[in-house]
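Chemist: Have a look at this one before I ask anything.
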Amino acid sequence: MITCTFLITLAFFQNTKKSQWSLRNLRLFWKTEVFSSFTDYVKMSVPAICYAIQKNALYLAITHLQAAVFQITYQGKILTTALFSVLILHKRLSQKQVLSLIVLLIGVSIVQLSQLKESDDSSQKDNASLLVGIAAILFAC
C-alpha cells in the first residue's frame, strides 16, 4: 500500500511541471487517477479476490500435506485447464495431448491412493488432515 501510494505520487511529480506542484494539484491528480475510475477497480478486484482465495486454499493444502504429495496433486491444475479449454474455448486436443493428460491423471491418482494407503495405518486425525489438504488443492485447481 505504501509502495503504491509512493508510485502514484511519483507519477504526479513526473507528469507535471515544477511550477504546478502543489497539494491542491496532487489531490486533484489522485482524484482523477485513482478514485474516478471505480468501475475499473471493481473489474480488477474480481480476479484479485479469486487469486487471493486460491492462494489461501493452497496454503491450507500445504500445511496439511507432505510437499511431494502437494506438488504432484497440484499438477491437477493442468487437467482442469485442459478441460476448461475444451469446454469453454472449444479447443481440440491432439491424441498426444490427451494421452499426456491421461498419464498425468493416472500419476496423480497413484500418488493419492498410495498416500491414503499409508494413512490407513495412522490415526484418524491424519486422515482428516489429508482429506482437508486434498480438498483444498481440488478447490484451488
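The values are calculated or read from the model by the stated rules, or taken from the named source; none is laboratory data. Just so it is clear, the structure is predicted and the values come from calculations on it, not from any experiment. Glycine also receives a Cβ, built like all others from the backbone with ideal geometry; neighbour counts cover every protein chain displayed. Ligands, DNA and RNA are excluded from the accessible area calculation, which covers all protein heavy atoms including side chains. Shrake-Rupley method; radii C 1.70, N 1.55, O 1.52, S 1.80 Å.
Chemist: Determine whether the stretch 32-43 contains at least one residue that is in a helix (DSSP H, G or I), at pLDDT 75 or above and among the polar types (S, T, N, Q).
Modeler: Yes - at least one qualifying residue is present in the stretch 32-43.
Chemist: Open to solvent by less than 80 Å² (accessible area, probe 1.4 Å), within 30 Å of G133 (Cα to Cα) and of a type in the set (A, V, I, L, M), is that true of V86? Don't jump to the end; show me each part of the working.
Modeler: Values: open to solvent by less than 80 Å² (accessible area, probe 1.4 Å): yes; within 30 Å of G133 (Cα to Cα): yes; of a type in the set (A, V, I, L, M): yes.
Yes: the conditions hold for V86.
Chemist: Quick one: in the stretch 113-126, which of the residues that are within 25 Å of L79 (Cα to Cα) and touching a Leu at 6+ places or on another chain (Cβ under 9 Å) is modelled with the highest pLDDT?
Modeler: The initial filter retains those residues of the stretch 113-126 that are within 25 Å of L79 (Cα to Cα), namely 113-117.
Filter once more, keeping what is touching a Leu at 6+ places or on another chain (Cβ under 9 Å): 115-116.
Values: Q115: 68, L116: 64.
The extreme case among them is Q115.
Chemist: Then there's this: Return the pair list, or none, for Cβ contacts closer than 7 Å from residues in the stretch 18-45 that are under 14 Å from I8 (Cα atoms) to residues that are outside any helix (DSSP H, G or I), at least 6 apart or on different chains.
Modeler: N25/T16
Chemist: Okay, next question. Do we have I49 as hydrophobic (A, V, I, L, M, F, W, C), within 17 Å of L131 (Cβ to Cβ) and either open to solvent by 60 Å² or more (accessible area, probe 1.4 Å) or without any contact (Cβ under 8 Å) to a residue 40 or more places away in the chain (or both) here? Full working, then the answer.
Modeler: Details: hydrophobic (A, V, I, L, M, F, W, C): yes; within 17 Å of L131 (Cβ to Cβ): no; either open to solvent by 60 Å² or more (accessible area, probe 1.4 Å) or without any contact (Cβ under 8 Å) to a residue 40 or more places away in the chain (or both): yes.
So I49 does not fit the description; no.
Chemist: Here is a check on your reading of the model: is F139 open to solvent by less than 40 Å² (accessible area, probe 1.4 Å) and at pLDDT 75 or above? Before the answer, list the steps.
Modeler: Values: open to solvent by less than 40 Å² (accessible area, probe 1.4 Å): no; at pLDDT 75 or above: yes.
Here the answer is no, as F139 does not meet what is asked.
Chemist: Moving to a separate point now. Does L83 meet the test of being within 21 Å of the chain's Cα centre (by Cα) and part of a helix (DSSP H, G or I)? Write out each step before concluding.
Modeler: Values: within 21 Å of the chain's Cα centre (by Cα): yes; part of a helix (DSSP H, G or I): yes.
Spelling it out, L83 is indeed within 21 Å of the chain's Cα centre (by Cα) and part of a helix (DSSP H, G or I).
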